[in-house]
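The values are calculated or read from the model by the stated rules, or taken from the named source; none is laboratory data. Quick caveat: nothing in here was measured; it's all calculated off a predicted structure. Here Cβ is always computed from backbone atoms with ideal geometry, including for glycine, and neighbour counts include all displayed protein chains. Ligands, DNA and RNA are stripped out before the accessible areas are found, and what is left, the full protein with its side chains, is counted by its heavy atoms. Shrake-Rupley method; radii C 1.70, N 1.55, O 1.52, S 1.80 Å.
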Amino acid sequence: MLRTPGAWTFLLPGFVARQPFAMLTIGIILLLQDTTGSYGSAGAVAATAGVSMALCAPQSGRLADRFGQRAVLLPGAVVHTASVSALIALALADAPMWALLAAAVPTGASVPQIGPMVRARWAARLDGSPLMPTAAAFESVTDEFTFVVGPVLATALCTQVHPAAGLVAEAALTLVGGLLFAAQHRTQPPVTGRGAAGTPGGARTSALSVPGVRVLIVAFLGIGSVFGGMQVSLTAFTEEIGNPGVNGVLYGIFAAGNMLAGVACGVVAAKNGPLRRMILGYLGLALSVSLLWSLHSVILLGALGLLVGLFIAPALISGYTLVDGLVPASARTEAFTWLTGAVALGQAAAVTVAGRLADTQGASAGFLVPLGGTVLALATLLTLRGRLAPAGGGHPGGLIAARGTSGKDHRSPVPVD
């Protein structure tokens, strides 16, 4: 997969550019908790940014499909840097809550969607190849490595340097990384333009019109509730025990479990189809998060956090793999951003609820949020799993196309589940 022509030209700048995604929420929480003294207020501002990103990310993806990734990234990186700078200035000036919430809107709306854009580049270069599931696993590992590095870096900067240092670094990395990634225009997917042919008659196909994508959005909302609930609850837990510096380590262990599972998914040939892997991974996720609220030991919480992370990767990777067979190429970036936005929206809701619970009931109550989110999403996934089978038996639920040296398509069946 890594020998794919042009891969390294977008992988390296893409890695730098996606680091801020894992730093934004925790950076806002740590800064606002310091300036306001309330996890609830910090969570509300972080949630506003998350909701704004979730609502605007799909539109950003659709514009990238239509006009090209470069045209979206260049202004987006500049606007995001300016918005984060404004939020930092308002927080340090003890601005009223309404001003902080107002600043959070453009901060979230302008987050560059680097992960979906990288996935779209893989899909364009490996279209119909059996290497696509490997690319999906690789991207999950890369995402989770950022969640190992990002929260630890943001926490260290906020606790050891200055409460605003985490967000300052986030803004700087967004600007530098975003511009470097945008410069790699030769590897971006073909621009579909105004008259893209996604449907008969030249009408564009919206990813949201695909029933399976809507089911995956609900599933990814549940995964987002785990990320958001863990971030707030681990922060509150480490504050309760008087050791806030260990917060980044605990969250890093959780993300490391996700990364390790992603590596396994990428190197081990799966016997089951992506739908079955997603359901099994989600079931394990719901069961493991059900124990978080009962633990009061750093060691036990770290061990269980690692287990939770191990179950997230199969669900995420399988969901992104299913998209390749559900959505036409002209709407893939949009589809990937819907899923990324769903994670952000679930995270935003979890941050808000868990923050309120942590303020009033303690850190343990905040861990109930991931449980509720995953159980509801699992029920939806089980009930509507039939919608995740691609129409006509296409990849990944039906056929994977691999081009031979003669230029003809050779297809081999791959089970849905």
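For the chain, the Cβ-based charge dipole about the Cα centre amounts to some 1600 debye (Lys, Arg positive; Asp, Glu negative; other atoms uncharged). For the set Arg121, Arg277, the ranking by accessible area, highest first and with no ligand, DNA or RNA atoms included, is Arg277, Arg121 under a 1.4 Å probe.
Calculated [222 nm] ellipticity per residue, helices only, for the chain: -24500 deg cm²/dmol; basis is -39500 (n - 2.57) per DSSP H run with n ≥ 4, divided by all residues, nearest 500.
Placing a label point 7 Å from the Cα of Gln361 along the Cα-to-Cβ direction, the residues of the stretch 21-53 with a backbone N closer than 16 Å are 40. Membrane-span-like helices in the chain, defined purely by DSSP H runs whose alpha carbon atoms cover 15 Å or more axially and whose average Kyte-Doolittle hydropathy reaches 1.0, are 7-18, 24-36, 69-92, 97-109, 165-182, 211-240, 247-267, 274-289, 298-326, 368-383. Taking Arg387, Arg66 and ordering them by how much accessible surface each has at a 1.4 Å probe, largest first, produces Arg387, Arg66.
Students often get this wrong, so try it: which of [x] 33, 30, 19; [y] 49, 23, 20; [z] 34, 25, 18 is semi-axes √(5λ) of the Cα gyration tensor in Å as calculated from the structure shown? Given [x] 33, 30, 19; [y] 49, 23, 20; [z] 34, 25, 18, the calculated one carries the label [z]. Across all Cα atoms of the stretch 26-179, the radius of gyration (one decimal) and Dmax (whole number) stand at 16.7, 54 Å.
Sorting His80, His296, His162 by solvent-accessible area of protein heavy atoms yields His296, His162, His80, largest first, with a 1.4 Å probe. Taking all protein chains as shown and a probe of 1.4 angstrom, Arg356 keeps an accessible surface of around 130 Å².
Annotation: Cα Rg of the stretch 98-171 relative to the compact-globule expectation 2.2 N^0.38 Å equals 1.48.
Computed with a 1.4 Å probe over protein heavy atoms only, the accessible area of Ser52 comes to about 10 Å². When nucleic acids and ligands are ignored and a 1.4 Å probe is applied, Ile241 ends up with an accessible area of around 80 Å².
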